[in-house]
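Coordinate-derived values only; no laboratory data. Worth saying up front: this structure is predicted, and the values here are computed from it rather than measured. We place every Cβ from the backbone using ideal geometry, glycine too, and count neighbours over all the protein chains shown.
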Amino acid sequence: MKLKKIAALAAVAAMVVSMAACGSTNSDADKSTTGSAAEESQNAGKDTLVMATNATFPPYEYVDGEEYKGIDIEISQAIADDLGMKLQVDDMDFDSIIPAITTGKADMSLAGMTVTEDRKKNVNFSDSYATGVQVIIVPEDSDITGPDDLSDKLIGVQQGTTGDIYCSDTPEKGGYGEDHVVAYQNGASAVQALKTGKVDAVVIDNEPAKAFVAENEGLKILDTEYITEDYAIAIAKDNTELLDKVNASLAKLKADGTLQSIIDKYIKAE
Ligand code: ARG
């Protein structure tokens with residue numbers, strides 16, 4: 001079961017369904033320096049929370065007319081409201097998000113972003129607020145039935161996402177090798193490439209996959225074994241004050257049902 005191997009070997013902080021091993025932790029963010037005077041002033045006087053995202057990922061974030069919409073946008077707004085701040089959404093390429101956080105251009109990111117060990121080297125993650133599953137989209141008449149059939153195929157992914165990272169890994173590490181992966185700037189472009197036969201399959205998170213398949217005739221999502229991932233909010237390593245505040249807001253939003261009602265608004269129970 002290739003995708004499973006990939007996740008385990010890549011040490012991605014992902015729980016693999018049907019495997020006892022689980023590498024998922026969101027609680028070990030570096031909080032050791034919380035409360036220092038220097039930190040206290042770090043966010044002082046700021047009235048705008050800048051949130052970096054890549055709004056090509058329905059239902060988490062997408063552009064509707066002139067507006068940003070989606071689960072992550074609404075959660076960000078709820079956090080900003082709770083912190084008494086204004087929200088500014090900065091839309092950028094997915095692989096620009098972590099650099100935007102580490103350089104302080106943005107305060108936090110909600111982008112359906114999976115917690116991974118590699119990313120944790122560069123940013124802190126909040127407690128998880130949702131889960132995602134990597135799935136495979138193929139044309140309805142495809143002979144591909146699961147991850148094992150992908151080794152001699154061309155796979156479309158969104159650049160810099162976990163789907164890209166897993167699939168691009170070497171076969172020894174459970175991937176398919178870079179030669180088998182075509183990275184697109186967004187999932188919709190990968191899906192267009194699939195429709196026109198430029199790639200044989202697309203590996204992407206389940207909820208955007210459902211949205212793309214609903215918009216495009218002749219495609220299906222394989223009902224195969226899945227990798228489950230945790231989505232969390234990325235925040236600069238040195239801004240532990242914001243991390244603590246965001247975690248406190250998230251806890252409130254979870255406790256009072258706001259978080260679930262935002263998710264339920266966009267993801268209908270099957
Ligand atoms: N969950 C995947 C990852 O973290 C994909 C996220 C893509 N998000 C987006 N807004 N385009 O790599």
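For region 135-196, the spherically averaged projection of the C-alpha convex hull amounts to 4.0 nm². Between K195 and I267, the simple spin-label model (points 7 angstrom out along Cα→Cβ) gives 2.5 nm. Annotation: extensible slack from E217 through K121 equals 30.5 nm (criterion: 0.36 nm per residue apart, minus Cα-Cα distance).
Between T170 and D64, the modelled label-to-label distance comes to 4.6 nm, taking each label 7 Å out from Cα in the direction of the beta carbon. Sparse packing (at most 16 other Cβ atoms within 10 Å of the Cβ) combined with a DSSP loop state is found for the following trypsin sites (Lys or Arg not before Pro) in region 44-108: K46, K105.
Sorting the Cα pairs of region 33-168 by distance into bins of 5 Å, from 0 upward, gives 2, 8, 16, 19, 19, 13, 9, 6, 3, 2, 2, 1, 0 percent per bin.
What does the extension gain come out to for D95 and T145, with contour length at 0.36 nm per residue minus their alpha carbon separation?
Here the answer is 15.0 nm.
With 22 Å as the cut-off, how large is the P(r) tail for region 170-270, expressed as percent of Cα-Cα pairs?
Looking at region 170-270, the distances longer than 22 Å represent 53 percent of pairs.
For region 87-157, the Kirkwood estimate of hydrodynamic radius, built from reciprocal distances between every pair of different alpha carbons, is 15.2 Å. The length gained by stretching the chain between K86 and D238 to full extension, at 0.36 nm per residue less their Cα-Cα distance, is 52.6 nm. Of the GluC sites (Glu not before Pro) found in region 177-260, those that fall in a DSSP loop while having at most 14 other beta-carbon atoms within 10 Å are E217. Here region 94-197 is assigned +1 on the Cβ of each Lys and Arg and -1 on the Cβ of each Asp and Glu. Its dipole about the Cα centre then comes out at about 540 debye. I'd like the trypsin sites (Lys or Arg not before Pro) in region 197-270 restricted to DSSP loop residues with at most 12 other Cβ atoms within 10 Å, sorted by number. Here the trypsin sites (Lys or Arg not before Pro) that fit, given the DSSP loop and packing criteria, are K268.
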